[in-house]
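To start, the structure itself, in structure tokens.
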Amino acid sequence: MFPLKKQIGIAFIYFTIAAFFGVVLRLFAIADIPINYKFFVHTHSHIALLGWVYVAITTLLYYAYLGKQQVSSTYKWLFVFTQVTLIGMLLTFPFQGYALFSIIFSTLFLFASYWFTWFFIKKTPIHHKTLASFKMIKMALIYLVISSIGPWALGVIMTVLGPLSIWYRMAIYFYLHFLYNGWMLLTLVGLFMYLLEQHQILFSKKHFKFFIWILQTGIIATFFLSTLWTNPAKVFYVLGGIGALCQAIAFVFLGYRLYNEREKLKPIFSKFQKRILSSIAVLLGLKVVLQIASAFPYIANLAATYLSFTIGYLHLTFLGVVSLSLFFLLDYFKIFSIDKKSIYLYSMGFLGTEILIFYKGFVAWQKLTLFPYYFEALTAASFLIALSLLFITVQKSK
């Protein structure tokens, strides 16, 4: 089968491609580019979420729970099939957007994700299935399957109601929410718990039950935050706010447990890994604060009116919390050592784009004027991200 390092190398290639697509999208505000902007947005998002994040997470899951099992032949075909679907999307979305062939490859990817879910749950050895971390990972995989209801519903909605229906956007938001708040974040927390379990830093049954249920309540209820752009009944704001508070309580509880185990944790991580963990904690805290704020009608209306706020939040989640968590886990497990200089360059680009994107939203909200060469600065910051990923990919392919 493909060595794990090669699998992660492939994931980084997807991430690099997605990042350069992002740079091209920034160039649209500066120059006349003879390509379809919307098609490139679809390609950028699909390759970033499904090429980079999905491949990296599934590789980490294989390493942690199945790495020593004799299942490599089946997994090889699963991995190859997944790559066929991703390459198919990469070669079709830029030229046709959502059309016959891109939809075929996207649909095949859903089947690949179902296959992986079945494969992982079935092949994980019994002694791992008793771990609290596995129970969390299993729940995350269920959310991955649940998220796919969104894409399946799109076909029906397009046929019956059309793309201008609110249900069209709702299906997309349903998919994204359970993909990143359910599958991605829960899996990353589960993998971090697996890491702690290897050092005998364990949750009591009582504490784990409280943590997992309040976190899941948060995952389910925060979906209602994705409905607030429709100006729904007040109960939806309340439910979304409860979900955001539940997530905040869950992560504060996790932080408190880690603080109590700080002496055991000190020798586990390198200084570099501790810095990444600190950055993740700050960004995760900011994400939770933004979620709580968005439960208030005025803030929810701002996010719906000024798209830059929503884009900034999504980038905060995917480029910040999710990607930095993957960097940390890959470096810790020594599957793929992350170059420090490249990560610092990545961080500069990430912070630069976040500041500039939220700044644009603030300017639109306050009816001000962007500073000269704003779009050039945003393009340059995006290029730093792409360049850092290119350095990592090329360096590790040698």
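The values are calculated or read from the model by the stated rules, or taken from the named source; none is laboratory data. Computed from a prediction, not measured in an experiment: that's the story for all the values here. Don't worry about glycine lacking a Cβ; one is built from the backbone with ideal geometry, like all the others, and counts go over all protein chains shown.
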Revision key, fill the gap. Within the stretch 356-375, of all residues that are part of a helix (DSSP H, G or I) and among the aromatic types (F, W, Y), the one nearest to Q273 (Cα to Cα) is F358
Practice item. Check whether at least one residue in the stretch 221-237 is modelled with pLDDT under 95, within 30 Å of N260 (Cα to Cα) and not assigned by TED's automatic domain parsing to the domain that holds V322, and report yes or no. Key: no
Point to revise | Residue ID - modelled with the lowest pLDDT, chosen from residues in the stretch 124-138 that are charged (D, E, K, R) and either farther than 22 Å from S72 by Cβ or surrounded by fewer than 16 Cβ atoms within 10 Å (Cβ to Cβ) (or both) | key: K129
Practice item. Kindly indicate whether any position in the stretch 22-45 is out of contact with any helix residue (DSSP H, G or I) (no Cβ under 7 Å at 6 or more places or on another chain), of a type in the set (S, T, Y) and closer than 18 Å to I385 by Cα. Key: yes
Revision key, fill the gap. Screening V53, V24 for residues that are out of contact with any strand residue (DSSP E or B) (no Cβ under 8 Å at 6 or more places or on another chain) and buried (at least 21 other Cβ atoms within 10 Å of the Cβ) leaves only V53
Review point. Hey, among the residues in the stretch 292-308 that are within 22 Å of the chain's Cα centre (by Cα) and assigned to a helix (DSSP H, G or I), which one's surrounded by the fewest Cβ atoms within 10 Å (Cβ to Cβ)?
Key: L307
Study note, to complete from the structure: Of the residues in the stretch 87-114, those that are assigned to a loop (DSSP other than H, G, I, E, B) and among the hydrophobic types (A, V, I, L, M, F, W, C) come to A99
Review point. Assuming A244 fulfils every condition listed in (1) surrounded by fewer than 20 Cβ atoms within 10 Å (Cβ to Cβ); (2) not assigned by TED's automatic domain parsing to the domain that holds S337 apart from one, which condition is it?
Key: (1)
Practice item. Using the structure shown, decide if L144 is in the same structural domain as F211 (by TED's automatic domain parsing), surrounded by 14 or more Cβ atoms within 10 Å (Cβ to Cβ) and assigned to a helix (DSSP H, G or I). Key: yes
Check your understanding: For the stretch 1-86, which fully contained helices (runs of 4 or more DSSP H) count at least 1 residues that are touching a residue at least 24 places away in the same chain (Cβ under 8 Å), within 20 Å of L188 (Cβ to Cβ) and of a type in the set (V, I, T)?
Key -> 4-27, 55-61
Exercise for review: Determine, yes or no, whether L188 is of a type outside the set (V, I, T) and buried (at least 16 other Cβ atoms within 10 Å of the Cβ).
Suggested key: yes
Practice item. Could you figure out which of (1) free of Cβ contacts under 8 Å to residues at least 24 places away in the same chain; (2) of a type in the set (F, W, Y); (3) outside the structural domain of W213 (by TED's automatic domain parsing) isn't true of Y256? Key: (3)
Check your understanding: Listed residues Y374, Y359; which is at pLDDT 95 or above, over 30 Å from L195 (Cβ atoms) and surrounded by fewer than 18 Cβ atoms within 10 Å (Cβ to Cβ)?
Key -> Y374
Point to revise | Sole exception among (1) surrounded by 20 or more Cβ atoms within 10 Å (Cβ to Cβ); (2) at pLDDT below 95 for V322, by number | key: (2)
Check your understanding: List the pairs whose first member sits in the stretch 294-313 and is without any contact (Cβ under 8 Å) to a residue 12 or more places away in the chain, whose second member is among the hydrophobic types (A, V, I, L, M, F, W, C), and whose Cβ atoms are under 6 Å apart, counting only residues at least 6 apart or on separate chains?
Key -> I299/A293; T310/A303
Exercise for review: Kindly list the number of the only condition in (1) closer than 24 Å to V55 by Cα; (2) surrounded by fewer than 17 Cβ atoms within 10 Å (Cβ to Cβ); (3) not aliphatic (A, V, I, L, M) that fails for Y168.
Suggested key: (1)
**Study point:** Unique match (being assigned to a helix (DSSP H, G or I), crowded, with 20+ Cβ neighbours inside 10 Å, among the hydroxyl-bearing types (S, T, Y) and free of Cβ contacts under 8 Å to residues at least 40 places away in the same chain) among T379, T353
**Key:** T353
Check your understanding: Across the stretch 310-335, what is the total count of residues that are touching a Ser or Thr at 6+ places or on another chain (Cβ under 9 Å) and either not in a helix (DSSP H, G or I) or not assigned by TED's automatic domain parsing to the domain that holds F358 (or both)?
Key -> 1
